[in-house]
1. So for segment 189-212 (the condition being away from the ligand (no atom under 16 Å from the Cβ), touching a helix residue (DSSP H, G or I) at 6+ places or on another chain (Cβ under 8 Å) and modelled with pLDDT under 85), does at least one residue qualify?
2. Picking from Val71, Val95, Val46, Val116, which residue would you name as being at pLDDT 95 or above, under 20 Å from the mean Cα position of the chain (by Cα) and aliphatic (A, V, I, L, M)?
3. Mind checking which residues of segment 32-90 are in a helix (DSSP H, G or I), aliphatic (A, V, I, L, M) and surrounded by fewer than 14 Cβ atoms within 10 Å (Cβ to Cβ)?
4. Just wondering, is there one or more residues in segment 101-114 that are crowded, with 16+ Cβ neighbours inside 10 Å, touching a residue at least 60 places away in the same chain (Cβ under 8 Å) and in contact with a Ser or Thr (Cβ under 8 Å, 6 or more places away or on another chain)?
Amino acid sequence: MTRTYLACMLVQRFIVIATVIATLLVQTACTEVSGTGRSQFNILSVDDEIDLGQQAYAEELQVAKKAGHRVLTTGPEHDRVMSVSQRIFDAANRVHPTIARQFSWEMTVIDDPKSVNAWALPGGKSAVFTGLLPVAKTDAELAVVIGHEAAHAIARHGGERMSQQTALNLIMVAGFEFSEADAGTREIVMNALGLGTLAFSRSQESEADHLGLLIAADAGFDPREAIALWQNMAAAGGAAPPEFLSTHPSESTRIQRLHALMPEAMVVWQAAKAAGR
Ligand SMILES: [Zn+2]
């Protein structure tokens, strides 16, 4: 047998095993994203995600405290974040009742002026860092960030990422002969897997932008302020980009996408205003 033939056999075997595992997983783990209807591969249940989110929340708050950052319970910064986030959580429950009403939404304000950041964990436990507040200048801008993060939780992106990673690990374990394949073959397969993951992550970001904008609009915040928010974020970058942007890529296409979403968001906002929000 030539070396090329052997490598080909190994890759073929790898692909057969990987396909069987992937088929089994996909058949048992396909869900639909609320609001977009996108078909999603997720082996976690909503309850699993809520449990994981709660554990991670306790850990994250410990990390913040150990780093010397207070959790704010009073004051104008606390009150501002609480009032905006309550409106976002109410809107999330209204727009995505099936998933969002299972969550126990909670917001914590962490006093860390250097951190231009916010997050929402699976299950709705959320945090805003005080460094975000001068960047998200208006309440509508703050609502866009909190809405974007809430949308990640609603669209179950955390569970989806973990499922992809688990599937990837299973496939790699199943294809253990793969380690004997030559470096060139291995690189081709790894690149294919890596590229797939990267593409997915970007689609999660644009899904969160889309769903988050509609949630903010339904809460009564002017969706057009989303454009200013992302411009402020980019301007706050300077030499070292803020944390939020380092995990949330700020392509100029993001602002173009927001412009394209605006007609839909404006309809939602007008309806919210007519309903007194
Ligand atoms: Zn995001």
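1. yes
2. From the options Val71, Val95, Val46, Val116, the qualifying one is Val95.
3. Those that are in a helix (DSSP H, G or I), aliphatic (A, V, I, L, M) and surrounded by fewer than 14 Cβ atoms within 10 Å (Cβ to Cβ): Ala58, Val63.
4. Checked against the condition, which is being crowded, with 16+ Cβ neighbours inside 10 Å, touching a residue at least 60 places away in the same chain (Cβ under 8 Å) and in contact with a Ser or Thr (Cβ under 8 Å, 6 or more places away or on another chain), segment 101-114 yields no hits at all.
The values are calculated or read from the model by the stated rules, or taken from the named source; none is laboratory data. Just so it is clear, the structure is predicted and the values come from calculations on it, not from any experiment. In this analysis, Cβ positions are derived from the backbone assuming ideal geometry, glycine residues included, and neighbour counts consider all displayed protein chains.
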